[in-house]
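The values are calculated or read from the model by the stated rules, or taken from the named source; none is laboratory data. For clarity, every value in this text was computed on a predicted model and none was experimentally measured. Neighbour counts are summed over all protein chains in view; Cβ atoms, including those assigned to glycine, are modelled from backbone coordinates with ideal geometry. All accessible areas refer to the heavy atoms of the entire protein, side chains included, with ligands and DNA or RNA removed. Shrake-Rupley method; radii C 1.70, N 1.55, O 1.52, S 1.80 Å.
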Amino acid sequence: MLELRILVDDIDYDSIAEYLIPAVAEKLRREEKGGILGNVLAGNPDVAASVARTVLGTMSQEQKDQLLVQLVTKNREKLLDKGNQAVRSRGIGVQLCDVAVRKL
């Protein structure tokens, strides 16, 4: 087994939000866990991205980084599953075993 370490800096949280928020809103709508807000956001991805940008704009870099650490930690299994599906679909012979983030 090998450990691959990648350090990341200067994360563009706005672009991540624009990519992920519509999918999250759709999931909330589909699972009926988002209530009225989830349905509104799912119906208008531009509004969802705008809301995310506004919220992220009020957060310090430290808060954004900590949020990312929490989200990766909480969704570790899902991230590993998606990563392994992605490499398999491209014919790459590798098994991703762990994903973790920590603030330096």
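The table for this structure:
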read-out	value
On Cα atoms only, tilt of 76-89 relative to the major axis of the chain in degrees	70 degrees
Accessible-area composition of the chain, carbon plus sulfur, in percent [1.4 Å probe]	57 percent
Crossing angle, helix 45-58 versus the chain [Cα axis fit, 0-90 degrees, rounded to tens]	80 degrees
For the range 5-14, 3J(HN,Hα) per residue [Karplus equation, 6.51 cos²θ - 1.76 cosθ + 1.60, θ = phi - 60°, Hz, x = Gly/Pro]	10, 10, 9, 10, 9, 6, 6, 8, 5, 4
Mean ellipticity per residue at 222 nm, deg cm²/dmol - from DSSP H runs of n ≥ 4 across the chain, formula -39500 (n - 2.57)	-21500 deg cm²/dmol
Relative contact order computed over the range 30-104 (Cα-Cα under 8 Å; 6+ residues apart), in percent	25 percent
Cβ-defined net charge surrounding residue 62, 14 Å radius [Lys, Arg +1; Asp, Glu -1]	+1
Nearest 10 degrees, 0 to 90: helix 61-74 Cα axis against the chain principal axis	70 degrees
Kirkwood estimate for the chain, i.e. one over the average of 1/r between Cα atoms, Å	15.6 Å
FRET efficiency estimate (nearest 0.05) - Cβ-Cβ, residue 67 to residue 1, R0 30 angstrom	0.50
